[in-house]
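The values are calculated or read from the model by the stated rules, or taken from the named source; none is laboratory data. The structure displayed is predicted, hence computed values, not measured ones. Cβ: placed from backbone, ideal geometry, glycine included. Neighbour counts: every protein chain shown. To get the accessible areas, we keep the full protein, side chains included, count just its heavy atoms, and leave off ligands, DNA and RNA. Shrake-Rupley method; radii C 1.70, N 1.55, O 1.52, S 1.80 Å.
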Amino acid sequence: MANARSSSGQREKRPNEDADGTNRPSTKLKTEASHSQLTLQSVRSDELDHRKLDEDTTAYLQEISDGVPERIYADLILNAVAETCHRLDSKLRGPLGAKRKLSQYGTVLKDFIMKAHVDKDYRAIRNLRVLQQKRDLPKNVSLSPHDKDQQKQAVELAWKIKYAGKAHILLHETVSNMTRSMGGRSYANSLAIVQSSGTGKSRTVHELGKMVFTIPFNLRADQDQVGYAYPFPDREIRNYLCDAPKMLEEARLYFMQFLYNLFSAVLKEVKKLESSFKQAKTYGHVAERWSTYLEKGGRHDLYRKVANMKYQRNEEAFLDFEMNYKQTQMDTVPDEANPGDDEDADDVEKNEPIVDLAEFKFVAQQTEGKIFELISYVDKFAKDDRCTSLDARVVIYFDEAHDLTNICVPSNRGSMCRTLYHAFCSAANGILSKPVFFLFLSTHSSLSQFAPPQWSYPSARTAVSEDTIQPPFTELPFDCSQAEPLIRPGQKKLEDVANIRFMSEFGRPLFYSLTKVPQEGVERRIVNLARAKLVGSNNPDTAEMTDDAKLAVLA
């Protein structure tokens with residue numbers, strides 16, 4: 001068909017054309033397209049008995065249409081589905097409510113409903129997201145942008161209140177006892193702390209840092225910032241560790257080089273604090289001054305340096321070490337009863353090329369040298385007897401370490417696939433002779449990933465060894481109220497014990513600590529935070545709950 005032209009000879013612009021002649025969809029089409037995309041989204045979880053509901057819907061339709069198919073329209077179908085399903089919006093029950101919903105979404109929803117009716121697929125209607133019952137929440141738990149900012153501030157302030165309980169002392173005693181009794185046992189210098197959110201894991205290890213020289217890391221992924229998690233993640237270190245080579249032997253060497261760089265950088269940083277350390281009276285005071293330095297900004301700068309450091313190998317020293325190591329291996333006759341060629345070697349090293357193993361051993365030896373330098377320097381300022389103690393002298397902890405368990409690294413030898421967590425533990429095993437202890441904390445990882453039973457441990461040597469592996473640490477704070485007794489006879493009414501502040505005296509220390517924050521509306525923020533933690537989203541009103549979240553709510 002010829003293009004229409006005006007009397008001046010110019011082609012007339014069509015209603016849906018831009019000035020340059022480009023066709024564009026009409027506003028109506030745009031609206032219907034957006035409605036289509038929105039309307040046809042379905043809910044993920046589906047626990048309904050649709051067979052029974054279909055029978056109820058069919059019977060209800062028969063009743064309201066007097067058995068005449070021609071009288072069944074989209075609004076009646078929607079009304080019938082809503083009347084027989086408790087999960088759908090109660091406003092749809094009744095002809096007027098159904099008609100309003102249909103007019104809101106245009107022909108898209110109407111056509112969808114009629115097709116579902118013809119196909120006898122009422123399930124599709126029930127599962128439409130836009131038809132679900134909206135949860136009407138009390139006004140005191142609604143979230144506004146201001147509330148969210150206040151929530152973040154409250155969590156940060158709660159972190160700084162006086163620590164309640166003695167879990168950090170118990171953890172220190174546990175780590176010290178494990179360090180004293182390691183005796184060369186493989187994987188004896190690491191411990192898992194796995195517990196749900198708000199139970200005080202992070203704060204407990206932070207307080208531990210005031211008793212023993214500690215290097216803290218937080219590996220939380222950005223998408224895991226549910227409930228305004230604090231402290232903030234060390235992104236540079238997290239990315240550095242997760243970018244490790246994806247082969248077990250290479251990852252193990254990579255992590256040992258990381259430890260060498262880490263101790264080298266920490267030693268340089270510590271020497272800058274000599275004037276501060278000189279004022280310390282005990283080893284604990286030195287550790288606390290170091291912890292304060294990191295908390296006030298030194299942490300970010302230090303970790304950025306470590307993440308950007310390149311391991312520099314002394315080639316001359318390595319060639320001498322390699323030659324001696326090869327000679328030692330050739331002169332050693334393996335014990336048939338114990339096929340391992342090295343008593344303190346990890347079983348990853350079996351059948352590994354000597355050259356590769358020599359490089360790992362060389363870096364481990366260098367790392368041990370840096371550890372000795374660091375401990376010796378710190379001891380100069382400790383005026384107690386800690387310098388002769390067999391306790392852990394340095395603790396390194398990784399908070400939210402579960403990402404390391406999610407990345408698989410197969411072995412060059414084709415054995416079972418392990419994770420970056422196992423590769424790191426294998427690297428840490430290379431400095432077992434030094435009083436350095438590693439802690440791995442996680443909120444939602446499986447306990448079996450961090451602390452499996454000995455028979456299923458990824459290290460074959462450890463799995464069959466008579467030496468036991470370290471059990472997970474579970475003695476975390478709970479019921480932190482300082483009131484003794486909590487309730488005196490005749491002191492409180494039922495409405496008093498149903499108060500948010502009173503209930504927060506029990507259970508997780510996070511909620512208890514929030515009651516001590518000098519902020520208005522703290523009760524509402526405790527409820528908001530609890531809901532966010534349970535649902536797994538900072539927007540619990542709009543988030544769709546997973547099966548795990550539903551179980552958490554029921555629990």
Please go through segment 231-277 and give me each residue that is hydroxyl-bearing (Ser, Thr, Tyr) and either over 26 Å from the mean Cα position of the chain (by Cα) or closer than 30 Å to Gly198 by Cα (or both), ordered by number. Tyr240, Tyr260, Ser264, Ser275, Ser276
So which residues in segment 121-151 are at pLDDT 70 or above and either among the β-branched types (Val, Ile, Thr) or in contact with an Asp or Glu (Cβ under 7 Å, 6 or more places away or on another chain) (or both), if there are any at all? Tyr122, Ile125, Asn127, Val130, Leu131, Gln132, Gln133
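Being within 29 Å of His402 (Cβ to Cβ) and modelled with pLDDT of 85 or more: is that true of Ser196 here?
In short, no.
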From Glu359, Glu349, residue being at pLDDT 60 or above and touching a helix residue (DSSP H, G or I) at 6+ places or on another chain (Cβ under 8 Å): Glu359
Checking the structure you have, find out if any residue of segment 368-384 is small (Gly, Ala, Ser), touching a strand residue (DSSP E or B) at 6+ places or on another chain (Cβ under 8 Å), modelled with pLDDT of 65 or more and within 28 Å of Thr214 (Cα to Cα). no
Any residue at all in segment 104-111 that is at pLDDT below 80 and not in a helix (DSSP H, G or I)? no
Could you please find all residues in segment 198-213 being surrounded by fewer than 22 Cβ atoms within 10 Å (Cβ to Cβ) and among the hydroxyl-bearing types (Ser, Thr, Tyr)? Thr199
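To keep it simple, each residue is scored yes or no on (1) at pLDDT below 85; (2) out of contact with any Asp or Glu (no Cβ under 6 Å at 6 or more places or on another chain); (3) farther than 18 Å from Met114 by Cα; (4) surrounded by fewer than 17 Cβ atoms within 10 Å (Cβ to Cβ).
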{"position": "Ala33", "(1), (2), (3), (4)": "yes, yes, yes, yes"}
{"position": "Ser42", "(1), (2), (3), (4)": "yes, yes, no, yes"}
{"position": "Leu48", "(1), (2), (3), (4)": "yes, yes, yes, yes"}
{"position": "Leu53", "(1), (2), (3), (4)": "no, yes, no, no"}
{"position": "Ala59", "(1), (2), (3), (4)": "no, yes, no, yes"}
{"position": "Glu70", "(1), (2), (3), (4)": "yes, yes, no, yes"}
{"position": "Tyr73", "(1), (2), (3), (4)": "yes, yes, no, no"}
{"position": "Leu76", "(1), (2), (3), (4)": "no, yes, no, no"}
{"position": "Asn79", "(1), (2), (3), (4)": "no, yes, no, no"}
Select from segment 155-197 the residues that are among the basic types (Lys, Arg) and in a loop (DSSP other than H, G, I, E, B) and write down the one among them that is surrounded by the most Cβ atoms within 10 Å (Cβ to Cβ). Arg185
Pick from segment 461-491 the residues that are under 25 Å from His422 (Cβ atoms), among the aliphatic types (A, V, I, L, M) and surrounded by 14 or more Cβ atoms within 10 Å (Cβ to Cβ): which of them is modelled with the lowest pLDDT? Ala463
Tally up the residues in segment 230-259 that are open to solvent by 30 Å² or more (accessible area, probe 1.4 Å), farther than 28 Å from Trp159 by Cα and part of a helix (DSSP H, G or I), please. 4
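Under 25 Å from the mean Cα position of the chain (by Cα) and over 23 Å from Ala428 (Cα atoms): is that true of Ile215 in this structure?
no
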Among the residues of segment 521-529, are any open to solvent by 40 Å² or more (accessible area, probe 1.4 Å) and over 17 Å from Ser197 (Cα atoms)? yes
